[in-house]
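Okay, so here's the structure we're looking at.
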Amino acid sequence: MNCLHCHAENPGDALFCDSCGFRLEVGCPNCGAANRSGARFCKKCGQQLIEAAHPSSIFDGKFGSAETYIPKYLAEKILASRHKLQGERKQVTVLFADIKGSTKLLENVDPEKGQKIIDPVLRIMMDAVHRY
């Protein structure tokens, strides 16, 4: 089976690409059956699968690539179970974080440069949120 992400050849029983780690199977939103990444219809129930199995489809490009904000495994999980999330009530934990002095630090800085300054800190915070 060829990986849709990096095009590397993988064994037929592989769930993830052994070259880039991309998920090779997509869960059906109707029955949950595993289907090869790129399949348009579920092999078990015939349900149309989510067209874009790539995590980057979550964003429209406005905020950068999905890989910047959501780990690949989490984006794929969200896409695979999208039908279960729509209209669902959940209890969630929300983290609010402030970088002390960041406004003063960045007030006279070009926005792109400011983003480069802040991004490493945001990455550490996002990694902690996704880990837990």
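The values are calculated or read from the model by the stated rules, or taken from the named source; none is laboratory data. Because the structure is predicted, anything quoted here is derived from the model rather than measured. As a convention, Cβ positions derive from the backbone with ideal geometry for all residues, glycine included, and neighbour counts pool all protein chains shown.
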Is it the case that the stretch 16-28 has a residue that's loosely packed, with under 14 Cβ neighbours inside 10 Å and either at pLDDT below 80 or farther than 28 Å from Asp127 by Cβ (or both)?
no
Of all residues in the stretch 1-29, how many are within 24 Å of Ile70 (Cα to Cα) and either assigned to a loop (DSSP other than H, G, I, E, B) or outside the structural domain of Ile70 (by TED's automatic domain parsing) (or both)?
17
So in the stretch 103-132, with the set limited to residues that are β-branched (Val, Ile, Thr) and within 25 Å of the chain's Cα centre (by Cα), which one is surrounded by the most Cβ atoms within 10 Å (Cβ to Cβ)?
Ile118
Quick one: in the stretch 46-64, of everything that is assigned to a loop (DSSP other than H, G, I, E, B) and surrounded by 13 or more Cβ atoms within 10 Å (Cβ to Cβ), which residue is modelled with the lowest pLDDT?
Ala53
